[in-house]
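**Student:** One structure, pasted below without further comment.
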Amino acid sequence: MTNLFDVLIIGGGVSGMSCALVLGSAKNKSFVTEKKIGVFTHQKTSALQDALFNNAYGIPAGKLGSELLTESVQLLSKTYPHIKQIPNEKVLKIEGLFPEFTVTTTKNAYKTKTIVIGIGSANTFAIDGLMDYVVPHQKALPEKQRIQLKNSDHKVTDGIYVIGTLAGWRSQLAIAAGSGAAVATDILTLWNGGIQTHCHDSIR
């Protein structure tokens with residue numbers, strides 16, 4: 001098991017890819033240059049597969065969610081190729097404590113210091129090691145039987161974060177994207193020794 005990461009993002013939907021993009025954009029910061037970042041880009045169960053957007057900031061009306069999924073993977077690969085994309089693997093189990101986690105998938109096992117989980121709020125959630133954190137979703141209709149992971153400002157426990165609808169947010173693209181970006185900046189802040197940090201480009 002030689003796959004050692006500083007952070008592994010589980011989920012290739014809106015929140016997961018937003019988190020990966022923000023972390024990727026910080027690549028030139030001194031406290032990020034040596035960090036190894038990976039993302040499981042499994043998208044088959046993403047709510048975006050049958051979504052249509054007319055009310056999302058910065059996205060043309062009539063945009064299909066399935067197109068966004070494909071484009072986000074391509075954008076990450078082209079713009080931040082240093083982030084390792086791990087397709088076609090489903091996470092089965094998380095073991096260990098911060099900063100030494102083992103993430104076991106259908107094909108491999110990975111070591112990581114930090115984990116970010118953004119795989120949606122379906123009640124089919126079944127990652128061994130996290131089931132004790134599962135509670136009914138606080139902002140979904142009860143009849144939908146959605147779930148979330150118990151968290152405080154996205155933090156489940158030391159080294160484990162949850163984003164998007166699985167964090168208890170409503171199913172809205174802008175909310176999911178912001179949730180993923182928020183956790184990315186929390187991780188950057190930790191990597192920067194606790195100094196509040198964000199990352200964006202400028203034309204100045």
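**Student:** Under the 0.36 nm per residue contour assumption, what length would be gained going from the current alpha-carbon distance of PHE98 and ASN192 to full extension?
**Tutor:** So the chain would gain 32.1 nm between PHE98 and ASN192.
**Student:** Around CYS199, with a cut-off of 14 angstrom between Cβ atoms, what is the net charge of the other residues, counting Lys and Arg +1 and Asp and Glu -1? Don't jump to the answer; show the numbers that get you there.
**Tutor:** Working: positive: LYS27, LYS29, LYS35; negative: ASP186, ASP201.
After counting each charged neighbour, the total is +1.
**Student:** LYS44: which aspartates and glutamates have alpha carbons under 15 Å from its alpha carbon, excluding same-chain residues fewer than 8 sequence positions away?
**Tutor:** GLU67, GLU71, GLU89
**Student:** Here is a further query. Of the options ILE175, ILE115, LEU130, report the single residue whose Cα projects farthest towards the positive end of the charge dipole of region 69-178 (beta-carbon charges: Lys, Arg +1; Asp, Glu -1).
**Tutor:** Positive-end residue among those listed: ILE175.
**Student:** Please enumerate, by chain and number, the lysines with C-alpha under 17 Å from the C-alpha of LYS155, excluding those fewer than 8 residues away in the same chain.
**Tutor:** Cross-link targets: LYS113.
**Student:** DSSP loop trypsin sites (Lys or Arg not before Pro) in region 58-158 with at most 11 other Cβ atoms within 10 Å of their Cβ, which ones? Spell out each step's value before the answer.
**Tutor:** Numbers: sites: LYS63, LYS78, LYS84, LYS90, LYS93, LYS107, LYS111, LYS113, LYS139, LYS144, ARG146, LYS150, LYS155; in loops: LYS90, LYS107, LYS139, ARG146, LYS150.
Passing both the DSSP loop test and the Cβ count: LYS107.
**Student:** Also: How many Å² of accessible area per residue for region 54-123, probe 1.4 Å?
**Tutor:** 57
**Student:** Also, quick follow-up: Please work out which option in (1) 152; (2) 126; (3) 170 gives volume of the Cα convex hull per residue in Å³ calculated from these coordinates, and answer with its label.
**Tutor:** (2)
**Student:** Still on this model: What's the carbon and sulfur percent of region 69-204's accessible surface, probe 1.4 angstrom, rounded to a whole number?
**Tutor:** Roughly 52 percent of what the probe reaches on region 69-204 is carbon or sulfur.
**Student:** What does the convex hull of the Cα atoms of region 119-180 come to per residue, in Å³, rounded to a whole number?
**Tutor:** Numbers: hull volume 4.9 nm³, N = 62.
In region 119-180, the Cα hull volume divided by residue count equals 79 Å³.
**Student:** Let me check against my output: what whole-number percent is the relative contact order of the chain, with C-alpha pairs under 8 Å and at least 6 apart?
**Tutor:** Computed over the chain, the figure is 25 percent.
**Student:** Then there's this: Compute the signed sum of charges (Lys and Arg +1, Asp and Glu -1) over the other residues within less than 11 Å, Cβ to Cβ, of LYS111.
**Tutor:** -1
**Student:** Oh, and also: Say we join alpha carbon atoms closer than 10 Å with springs in a Gaussian network model of the chain; which of ASP50, ASP153, ASP128 then has the biggest fluctuation?
**Tutor:** Ranking ASP50, ASP153, ASP128 by mean-square fluctuation puts ASP50 first.
**Student:** Also: Could you state the principal axis extents of the C-alpha atoms in region 6-78, from the largest down, to the nearest angstrom?
**Tutor:** 40, 24, 18
**Student:** DSSP loop trypsin sites (Lys or Arg not before Pro) in region 3-56 with at most 13 other Cβ atoms within 10 Å of their Cβ, which ones?
**Tutor:** Listed in order of number, the matching sites are LYS44.
**Student:** Okay, moving on. Of all DSSP beta bridges located in the chain, what percent are antiparallel, nearest 5?
**Tutor:** Antiparallel bridges make up about 50 percent of those DSSP assigns within the chain.
**Student:** Now for a separate question. Between region 156-170 and region 1-60, what is the C-alpha centre distance in whole Å?
**Tutor:** 14
**Student:** Please tell me which of these pairs span more than 31 angstrom C-alpha to C-alpha: LYS29/LYS111; LYS84/LYS139; LYS29/LYS63; LYS27/LYS139; LYS27/LYS144? All intermediate terms of the calculation are to be shown ahead of the outcome.
**Tutor:** Working: LYS29/LYS111 24 Å; LYS84/LYS139 33 Å; LYS29/LYS63 33 Å; LYS27/LYS139 35 Å; LYS27/LYS144 40 Å.
Pairs exceeding the cut-off: LYS84/LYS139; LYS29/LYS63; LYS27/LYS139; LYS27/LYS144.
**Student:** Turning to a different aspect of this structure: What's the FRET efficiency of LYS139 with THR33 using the Cβ-Cβ distance as r and R₀ = 30 Å, to the nearest 0.05?
**Tutor:** Between LYS139 and THR33 the formula returns 0.20.
The values are calculated or read from the model by the stated rules, or taken from the named source; none is laboratory data. Owing to the predicted nature of the structure, the values given are computational and were not obtained by experimental measurement. Virtual Cβ from ideal backbone geometry, glycine too; neighbours counted across all protein chains shown. Each accessible area value is taken on the protein alone, full model and side chains, heavy atoms only, with ligands, DNA and RNA left out. Shrake-Rupley method; radii C 1.70, N 1.55, O 1.52, S 1.80 Å.
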